[in-house]
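Novice: After the C-alpha cells below, expect a handful of questions from me.
What follows is calculated from the coordinates using simple rules that are stated; it is not laboratory data. Being a predicted model, the structure only gives us computed values, none of them experimental. Glycine also receives a Cβ, built like all others from the backbone with ideal geometry; neighbour counts cover every protein chain displayed.
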Amino acid sequence: MKQSHTIKSLRSFLLLWGSQTVSELGTAITDYALIIWVYGQEGTASSITLLTLCALLIADLAAACGTAAVFVLFSFSALRIWHLYLINVLLSFMNAFQVPASFVATSLLVPKEHYTQVSGLQGFSGSAISILAPALGSVLLTFGGLRVVLICDLASFAAAFLVLLFFIRIPEPERKQETRDEPLLQSCLNGLRWLREHQALLHLTLFLTVINFFAKLGNDGMLSPFVLGRTGNNQQILGLVESAVALGLLAGSLLMTVLKPARDKGKVIFIACAAVFSGNIVQSLTLRPWLWCAAGFGSYLMAVVMNANLTVVVREQVPIEMQGRVFSAKDTLQNCSIPLGLFLGGVLADHVFEPFMAADSPLQRILSLFFGTGAGAGIAVIFFLVGCVGMAVSLTRLRKPVYKALCRERSQER
C-alpha cells in the first residue's frame, strides 16, 4: 500500500524521468559515435577534448536541431570536424536554461522525503545510458554507420518531446510578486547575490570549480584518448572501460536509492571526491585494461555518492523559489573551469607530456619505469599528477564543518 502511494505521488516525475532517459540515450550514442569518428580522423587527444569543450559552451530541441544538421552534412559527405565544434558551441548555450529548469521541475514534482531516492534514480538512468551507449553505438556504427546513429537520436528526441508535451504537467511554484516578471539579467544577478550572502554554499561551489578543472585534466576529460592511445585505437577495450565506469555509476545510484541520507553530507562529499581522484593514480600506473576498469568502477561509484549528496544539499538549503536562479549561478561558477581543463588537457597531452615521454632523457627514463612508454604514457603522467592534487585538495576540506554551516545559515534565514 505504501509503495503504491509512493509510485502514485511520483507518477509525473517518473514519466519525465523515463522520457528524458530515452532522449539522453540517443544523444549519448551519438556522442560516443562522434568521438570514434573524430579520433579516426585526427588521432590526437586534443581533437577529442576540443569536441567535448565545444559541447560545454542544450535544450533537447536544440540538440535535435544539431543532430539534424550533422545528419544532413554527413549524408552529403560534407561533414568536417570543425562543423561539430561549431554546432556544439552554438547549441549548447541552451543548456544554461535547460539544466536549472530540469532541477526545479524535479523539486516541484517530488515530495521532499524522496529527494535522496530521486537523486539515486537520476543517477541510475545516467548509469544505464553510460552502459548502453558504447555498446549500442558500436553496434550501430558497425552495421548501419553514422547515419543510422543520427536517425536513432532524432527518434529518441521525438518520443521524449511528445511525452513532455501531452502527459506531464509541472506545477507553478509560488513566487513573490516582485519576482514574477523579473528580467533575465536581474534573475541571474539575484542568484549570484544569494550565493554571495550564503558563504558556506559559495565556498562549496568554489571547491567544485577547482575539482572540475582537475577532473577534466584527468580521466573525466581524457579517458578516451588515454585508452585509445595505450591500446593502439582499440575500440573494444575503450568500450569495456567505459562500461565499467557506467557500472560504477549504476552501483552508486542503486546504493543511493536504498541508503538513508547522511548526517554530515559535507564530509561525505569530500571523502567521496578524494576517492574519485584515487582512480586516476591507479589507471596511470598500469597497462592492464582490467585495472583501468576496476579503477573506473570505483571512482565513478564514489562520484555518484558525491553528486547525490551535493544535489540534496542544494535542494534542502535553497528555497524553492530561488532554486532556478541559485542553481544557474552555482552551475556557472563550478563549471566555468571545465572548458579550461579540457583545452589545457588536450594541449598538455599533445604538445608537452606525450612528446616528453617519447624523447629520451634521464627524467623520461625514470618516469617510464612507472608509466611505461609509447602513446598514452604522457597522459598517464597527467593522470598521476591530477590524482595526487585532487586527493590533497579534497582531504584538506575535511577540516571545515561545511554542512553544519549550511544548516546554520538556512535556519538563520528562516
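Novice: Sequence gap at least 6, Cα distance under 8 Å: using those rules, report the relative contact order of segment 251-340 to the nearest whole percent.
Specialist: In percent, rounded to a whole number, it is 34.
Novice: If you don't mind, another one. Label points 7 Å out from Cα along the Cβ direction at GLN236 and PHE356: separation in nm?
Specialist: 3.5
Novice: Right, here's the next one. Treat the count of other C-beta atoms within 10 Å as a stand-in for reagent exposure and order CYS273, CYS388, CYS336 from fewest to most.
Specialist: Ascending number of Cβ neighbours within 10 Å: CYS336, CYS388, CYS273.
Novice: Now a separate question. Would you kindly state how much longer the chain becomes between ALA262 and ALA158 on full extension, computed as 0.36 nm times their sequence separation minus their alpha carbon distance, in nm to one decimal?
Specialist: This chain segment gains 33.6 nm when fully extended.
Novice: Further, regarding this structure: At 0.36 nm per residue, minus the direct Cα-Cα distance, what do VAL148 and VAL347 gain on full extension? Give it in nm, one decimal, please.
Specialist: This chain segment gains 68.4 nm when fully extended.
Novice: Gap in Å between the Cα centre of segment 221-240 and the Cα centre of segment 280-334?
Specialist: 22
Novice: Testing the spin-label approximation: label points 7 Å from Cα along Cα→Cβ at LEU132 and ILE366. State their distance in nm.
Specialist: In this crude label model, LEU132 to ILE366 measures out at 5.0 nm.
Novice: Given R₀ = 41 Å, FRET efficiency for TRP290-ARG193 by Cβ-Cβ distance, to 0.05?
Specialist: It comes out at approximately 0.25.
Novice: Once label points are set 7 Å from the Cα along Cα→Cβ at both ARG399 and THR332, what is their separation, rounded to one decimal in nm?
Specialist: The answer from the label model is 3.3 nm.
Novice: In whole Hz and in residue order, list the ³J(HN,Hα) couplings for segment 368-378 that follow from phi through the Karplus curve 6.51 cos²θ - 1.76 cosθ + 1.60, θ = phi - 60°; x for Gly and Pro.
Specialist: So the Karplus estimates, Gly and Pro as x, are 5, 5, 9, 10, x, 10, x, 4, x, 5, x Hz.
Novice: Another question, then. Less than 15 Å Cβ to Cβ from ASN280, Lys/Arg counted +1 and Asp/Glu -1: what total charge do the surrounding residues give? If you can, show how the numbers build up before the last one.
Specialist: Values: positive: LYS216, ARG230; negative: ASP220.
Its environment carries a net charge of +1.
Novice: Let me ask something else. Mind running the shape call on segment 272-352? Use the C-alpha gyration tensor, a ≥ b ≥ c as the square roots of the eigenvalues: rounded below 1.5 for a/c, prolate if a/b tops b/c, oblate otherwise.
Specialist: Oblate is the answer for segment 272-352, as a/c is 1.5 or above yet b/c matches or exceeds a/b.
Novice: Using 17 Å as the cut-off for backbone N distance, which residues of segment 349-382 belong to the label zone defined by a point 7 Å from the Cα of ALA392 along Cα→Cβ?
Specialist: Output list for this probe position: 381-382.
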